[in-house]
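Q: I have a structure I would like to understand better, so I am pasting it below and will then ask my questions one at a time.
The values are calculated or read from the model by the stated rules, or taken from the named source; none is laboratory data. Predicted model only: the values in this text are computed from it and were never measured. Positions of Cβ are backbone-derived with ideal geometry, glycine not excepted, and every protein chain shown enters the neighbour counts. For accessibility, only protein heavy atoms count, side chains too; no ligands or nucleic acids. Shrake-Rupley method; radii C 1.70, N 1.55, O 1.52, S 1.80 Å.
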Amino acid sequence: MARVSQEHLDARRRQILDGAALCFARNGFHATSMQDVLKEVDLSAGAVYRYFRGKDELIRAIVTEVLDDVRSAFEAAGRQVPPPPPYELIGTVMTEVLRERPGLRVDGTSYFPRLVVQVWTETLRNEELAAVIRDGFDQVRAVWIAIVQGYQAAGMMRPDVDPEAVARTMISAAQGFLTQQALFGEVPVETLQIGLRGLMGMSEVS
């Protein structure tokens, strides 16, 4: 029997993850069955269960991968010295995250924001998934804290500003942008960048 290459195995796993993620984004986790996933990826049950034992394992794999992608994107952008300003950095990351999952794009529309909202909803009833999300949030928050400290070291931000507060605010901006995309349709990432740049340019009125 011919040996299956690792490249083939990785491609098949990618096919299953993308197909399942698209199903979950369209219909939610509860309304999606494993039969729906099998139909979407056009594979036999045996082929899919070779990689994932069931829907819960698929969900966990998808969520973990998404969180890792977001964290890695912010880490890469934040390695620059000094880091790019927040509006530029968050715009770069949002563009990369939305673009790098072609399996979640149908007729030009990205289903990634819908998947994110479905994940958040599922964490309200699934404590195991909530723990994964909390861990991922903590990792992204730590990256943002380091970025803010980089701004302060470069003299781009006042030293008395709380890095934790800025980190949570920037994460909230990204989360809110994805929520708008999911609920109201696609908006250019440039819109988020323009808004953030405008807020950052405000001067205090005495």
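Q: Could we say that S72 is surrounded by fewer than 20 Cβ atoms within 10 Å (Cβ to Cβ) and at pLDDT 90 or above here? Working first, answer last.
A: Working: surrounded by fewer than 20 Cβ atoms within 10 Å (Cβ to Cβ): yes; at pLDDT 90 or above: no.
For S72, the condition - surrounded by fewer than 20 Cβ atoms within 10 Å (Cβ to Cβ) and at pLDDT 90 or above - is not met.
Q: Among the residues of region 98-120, write down those that are under 16 Å from T179 (Cα atoms), of a type outside the set (A, V, I, L, M) and not in a strand (DSSP E or B).
A: Y111, F112, P113, R114, Q118, W120
Q: Residue check, R105 against (1) touching a residue at least 24 places away in the same chain (Cβ under 8 Å); (2) in contact with a Phe, Trp or Tyr (Cβ under 9 Å, 6 or more places away or on another chain); (3) open to solvent by 40 Å² or more (accessible area, probe 1.4 Å), all met but one. Which one?
A: The single condition R105 does not satisfy is (1).
Q: State which residue is farthest from I90 (Cα to Cα) when the search covers only region 148-163 and only residues that are of a type in the set (G, A, S) and part of a helix (DSSP H, G or I). Steps first, please.
A: Applying the first criterion (of a type in the set (G, A, S)) to region 148-163 yields 150, 153-155.
From what is left, the residues that are part of a helix (DSSP H, G or I) are 150, 153.
Values: G150: 15, A153: 20 Å.
Checked region 148-163; the qualifying residue farthest from I90 (Cα to Cα) is A153.
Q: So, one more: Can you confirm whether R53 is more than 21 Å from A167 (Cβ to Cβ) and part of a loop (DSSP other than H, G, I, E, B)?
A: Details: more than 21 Å from A167 (Cβ to Cβ): yes; part of a loop (DSSP other than H, G, I, E, B): yes.
Considered against the rule, which asks whether it is more than 21 Å from A167 (Cβ to Cβ) and part of a loop (DSSP other than H, G, I, E, B), R53 comes out as yes.
Q: Report, ordered by the first and then the second residue, all pairs with beta carbons closer than 6 Å, sequence separation of six or more or different chains, a first member in region 27-46 that is without any contact (Cβ under 8 Å) to a residue 40 or more places away in the chain, and a second member that is open to solvent by 50 Å² or more (accessible area, probe 1.4 Å).
A: M34/K55; V41/Q15
Q: OK, next. Of the residues V41, V63, V37, which single one is closer than 20 Å to D135 by Cβ and either surrounded by 14 or more Cβ atoms within 10 Å (Cβ to Cβ) or touching a strand residue (DSSP E or B) at 6+ places or on another chain (Cβ under 9 Å) (or both)?
A: Numbers: V41 fails: closer than 20 Å to D135 by Cβ; V37 fails: closer than 20 Å to D135 by Cβ.
Of V41, V63, V37, the one residue that is closer than 20 Å to D135 by Cβ and either surrounded by 14 or more Cβ atoms within 10 Å (Cβ to Cβ) or touching a strand residue (DSSP E or B) at 6+ places or on another chain (Cβ under 9 Å) (or both) is V63.
Q: Of the numbered conditions (1) of a type in the set (D, E, K, R); (2) modelled with pLDDT of 85 or more; (3) within 30 Å of G195 (Cβ to Cβ); (4) loosely packed, with under 15 Cβ neighbours inside 10 Å, R26 fails exactly one; give the number of that condition.
A: Condition (4) is where R26 drops out.
Q: Scan region 112-132 for residues that are among the hydroxyl-bearing types (S, T, Y) and more than 15 Å from A31 (Cβ to Cβ) and report the count.
A: Step one: list which residues in region 112-132 are among the hydroxyl-bearing types (S, T, Y), which gives 121, 123.
If we keep only those that are more than 15 Å from A31 (Cβ to Cβ) too, we end up with 123.
Result for region 112-132: 1.
Q: Return the pairs, sorted by first residue and then second, in which the second residue is assigned to a helix (DSSP H, G or I) and basic (K, R), the first residue lies in region 83-94 and is in contact (Cβ under 8 Å) with a residue 60 or more places away in the chain and open to solvent by 10 Å² or more (accessible area, probe 1.4 Å), the beta carbons are less than 6 Å apart, and the residues are 6+ apart or on different chains.
A: Matching pairs, first to second residue: Y87/R197.
To keep it simple, each residue is scored yes or no on (1) open to solvent by less than 90 Å² (accessible area, probe 1.4 Å); (2) more than 16 Å from the chain's Cα centre (by Cα).
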{"residue": "R141", "(1), (2)": "yes, no"}
{"residue": "A146", "(1), (2)": "yes, yes"}
{"residue": "M157", "(1), (2)": "yes, yes"}
{"residue": "M170", "(1), (2)": "yes, no"}
{"residue": "A182", "(1), (2)": "yes, no"}
{"residue": "G185", "(1), (2)": "yes, yes"}
{"residue": "R197", "(1), (2)": "no, yes"}
